[in-house]
Amino acid sequence: MSEVKISAETRTEFGKGAARRIRRDSKVPGVLYGHGSDPLHLTLPGHDLLLALRTPNVLIALDIDGKTNELAIPKAVQRDAIKGFLEHVDLQLVKRGEKVTVEIPVHTEGELAAGGNLLEHVLNALPVETEATHIPESVTVSVEGLEAGASILAKDITLPKGTTLAIEEDAVVLQVLSAQAEEAPEGGAAEGEEVAEA
């Protein structure tokens, strides 16, 4: 995964009023923490950060006040619930070669067995431990020909070299459900429905 370079400034103003002023300038307040150091309060360029966060677990090379260079990954991102703009970001300090625990998206490929079966994503993202500078963007799982009742466990997923599971091996990631399970039993009322008395 490539690094995204972002210039940041340290900030000394805190509170809602200061955060609003920062956002009015198309910037985003954030905090950088990790490795036992004191949290560092930052102001980041909104547009650059928004573009960077389109990549899950992006590795950000921060140029802080033109003096310090740090590597970080996003740990928590707050967005406006209605407009979707960035309100705040928490960044975790990382070092080259260091292992971090992150969640990577699970993608599927292939077609289920015929019969109108449904694929349920029990986990949309897989918790893994991997090197901070080599975080996989996602994992792809084949569901080709799977029938109702089949499931894919965490241990069944092939991970990139240097990446290990950070979840129980037997955790269900995907399962195939029978479409018929949604229908009401013949001659009876569906669960939760009352039968009208004559």
Over 26 Å from residue 54 (Cβ atoms) and of a type in the set (Lys, Arg): which single residue out of 95, 155, 161, 99 fits that description? 155
With the checklist (1) on the phi < 0 side of the Ramachandran plot; (2) open to solvent by 40 Å² or more (accessible area, probe 1.4 Å) in hand, flag the one item residue 162 doesn't pass. (1)
Taking the condition of being small (Gly, Ala, Ser) and either assigned to a loop (DSSP other than H, G, I, E, B) or more than 30 Å from residue 96 (Cβ to Cβ) (or both), how many residues in region 115-132 meet it? 2
When residues of region 74-90 are limited to those that are touching a residue at least 60 places away in the same chain (Cβ under 8 Å) and open to solvent by 50 Å² or more (accessible area, probe 1.4 Å), the one nearest to residue 28 (Cα to Cα): 87
Only one residue in 137, 129 is under 30 Å from residue 34 (Cβ atoms), of a type outside the set (Gly, Ala, Ser) and at pLDDT 90 or above. Which one? 129
Only one of (1) open to solvent by 30 Å² or more (accessible area, probe 1.4 Å); (2) touching a His at 6+ places or on another chain (Cβ under 9 Å) does not apply to residue 115, and that is (2)
Residues satisfying the stated conditions in region 1-29, i.e. open to solvent by less than 60 Å² (accessible area, probe 1.4 Å), over 22 Å from the mean Cα position of the chain (by Cα) and closer than 29 Å to residue 105 by Cβ: 8
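Check 71, 93, 59, 32 and return the single one that is within 30 Å of residue 174 (Cα to Cα) and either open to solvent by less than 30 Å² (accessible area, probe 1.4 Å) or among the aliphatic types (A, V, I, L, M) (or both).
Step by step, each of 71, 93, 59, 32 is checked, and only 59 is within 30 Å of residue 174 (Cα to Cα) and either open to solvent by less than 30 Å² (accessible area, probe 1.4 Å) or among the aliphatic types (A, V, I, L, M) (or both).
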Residue 39 passes all but one of (1) open to solvent by 70 Å² or more (accessible area, probe 1.4 Å); (2) in contact with a Phe, Trp or Tyr (Cβ under 9 Å, 6 or more places away or on another chain); (3) over 16 Å from residue 75 (Cα atoms); which number fails? (3)
Restricting to region 71-119, and then to whatever is touching an Asp or Glu at 6+ places or on another chain (Cβ under 6 Å) and polar (S, T, N, Q), can you tell me which residue is nearest to residue 57 (Cα to Cα)? 101
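The values are calculated or read from the model by the stated rules, or taken from the named source; none is laboratory data. These figures come from a predicted structure and were not determined experimentally. For neighbour counting, all protein chains shown are included, and Cβ atoms are generated from backbone atoms with ideal geometry for every residue, glycine included. The protein model used for the area step is the full one, side chains on, heavy atoms only, and it has no ligands, DNA or RNA in it. Shrake-Rupley method; radii C 1.70, N 1.55, O 1.52, S 1.80 Å.
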